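Below you'll find the structure, written out as structure tokens, and then a few comments.
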Amino acid sequence: MTVVLYAALALITLDQATKHWVHSRFALGDGFSVIPGFFDIRYVQNTGAAWGILQGMGALLIVLSIGMLILLLFGHRHLLEDRPSHRMIQVLLVGGIVGNLVDRVRLGYVVDFLYFYWGEHDFPAFNIADSAICVGVFLYLLSQYSGRKLSGEAVVREPEPAVAGNQP
């Protein structure tokens, strides 16, 4: 658990440092182009959750975040096995949730700044904490619903008995 907490703390530090850099250097809506026509750093304030859902429901999002943290830190044995891939999932989720929770409590909104677009099509701005949460959820779902575990261990399946119709 100690390694998980230190790794999550490193993720939180990176997330908060990048948000502070954007927040302290740019006015709301301002930024600069990294890859013209595709990727900008642009300061956005998000009072909701991913993709702008639950706008203005900061109190609810704070409560949900705290509940998820309690589950991930104290009830994780029911969700995650004690193996490296699941500890990484725990790091990503805890670090991401805390990173955005700090913003919600301190500022009343989350600082987003990674903005991808192509012509008239764009993807909602996000941050490092959002990325960690999305990757953590994806890896968790992959570990639960794939035929192989993330540890690389193959799932051994018993061959089906031969019946008329399924023989070569």
Gain on full stretching of the segment that runs from Thr13 to Asp82 - 0.36 nm per residue minus C-alpha separation: 22.3 nm
For segment 110-125, Karplus couplings with θ = phi - 60° (6.51, -1.76, 1.60), whole Hz, Gly/Pro x: 9, 7, 10, 7, 8, 10, 10, 7, 8, x, 8, 9, 9, 10, x, 4
Length-normalised contact order of segment 29-126 in % [C-alpha pairs under 8 Å, at least 6 apart]: 38
Placed amide H near Leu54: partners under 5 Å, 5+ positions off or other chain: Ala49
Hz values of 3J(HN,Hα) by residue in segment 127-138 - Karplus curve (6.51, -1.76, 1.60), Gly and Pro given as x: 9, 5, 4, 4, 4, 4, 5, 4, 5, x, 5, 4
Whole-Hz ³J(HN,Hα) from phi, Karplus 6.51 cos²θ - 1.76 cosθ + 1.60, for segment 25-37, glycine and proline x: 10, 10, 6, 3, x, 8, x, 8, 8, 8, 10, x, x
Amide H partners (placed H, <5 Å) of Phe39, local residues excluded: Val34, Tyr117
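None of the figures in this text is laboratory data; all of them are computed from the coordinates on show. All values reported here derive from a predicted model rather than from experimental measurement.
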